[in-house]
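Any read-out appearing in this document is the output of simple, stated calculations on the displayed coordinates, not a laboratory observation. Everything quoted here is computed from the prediction, not taken from an experiment. Cβ coordinates were reconstructed from backbone atoms using ideal geometry, including for glycine residues, and neighbour counts include every protein chain displayed.
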Amino acid sequence: MKSNADTHIVVVEDEEHLAVGIRFNLEAEGYKVSVAEDGRTALRIVEENPGKVDLVILDLMLPGMSGYAVCETLRSNGEDMPILILSARTLSEDRTRGFDVGADQYMMKPFDLDEFLSRVKNLLMLRRRRQPTQEKHEELIHQYSFANVEIDFDTFQAFVDSKPIRLTQLESKLLYHFVSNAGRIIPKQELLKEVWEMPGHVSTRAPDQFIGRLRKMFEKDKGKPKYFITIRDAGYQFLPNGVDNIQAESGEEEAST
């Protein structure tokens, strides 16, 4: 396992005073930090350090190339490191768009330093633990199939009708938790604790957004999901054999609330 000194974090922030403060506090925790003032510089740092960037902390309002575009480009290039958006944008549609382009967490400015460092730590733990929830299962699930989908948890890849899809580590961890608990209704608080490693009382739409991402990948009609469904006032359920979607809520409705 990497030590903090071997952990490389890229901070993408064009406000110099904020970038300096973030860098100072991360380096005080022992992390190696690179700062990029714009998106293209950030992409170059990642490209020049293949497989060695452990976390990207990303502002949205950047000169020349938005944070959304940076995040989307990283994911389209196959980069699966955790991405934490740190932005002054407070609208729900901003958070939704951030999750849609591949972010793992979203924090609003101004932020609490202790909470920020805690989220950084949790995301890095996710990066280091490549096999999701492996400590809780005697027999690990390496490959899994349902419907027209094949999943390889060792390589963070899925195939839909033999077409490859690259999963982020958090998407893979969430999917693994569903597969490991197929058929069981899973409360949102459990997902926050087991997948995001956050207290269950935290108010966040992250599980809803990520389940929406799984639906986009694996459902033929994400508005009428058959495999990843929401049980009103109870939680979520993965049904590998599908279901006539009577009791499930629409993923589109969730995203708009």
Nonlocal amide H pairs with Ala36, under 5 Å, H built at 1.01 Å: Val11, Val12, Glu13
Share, in percent, of DSSP beta bridges within the chain that are antiparallel, nearest 5: 55 percent
Listed pairs Lys52/Lys193; Lys109/Lys220; Lys52/Lys216; Lys109/Lys216 exceeding 31 Å between Cα atoms: Lys109/Lys220
Acute angle (nearest 10 degrees) that the helix 67-76 long axis makes with the longest principal axis of the chain, alpha-carbon atoms: 60 degrees
Cα principal axis extents for the chain, largest first, Å: 54, 38, 34
Length-normalised contact order for the chain - Cα pairs under 8 Å, 6+ apart - percent: 12 percent
Segment 232-241 - phi-based ³J(HN,Hα) in whole Hz, Karplus 6.51/-1.76/1.60, Gly and Pro as x: 3, 6, 10, x, 10, 8, 9, 10, x, 8
Size descriptor, Kirkwood hydrodynamic radius, that averages inverse alpha-carbon separations across segment 161-212, Å: 11.9 Å
Radius of gyration and maximum dimension Dmax of segment 1-113, Cα, Å: 13.1, 37
Furthest towards positive pole of dipole, Gly67, Pro50, Phe178, structure part the chain, Cβ charges: Phe178
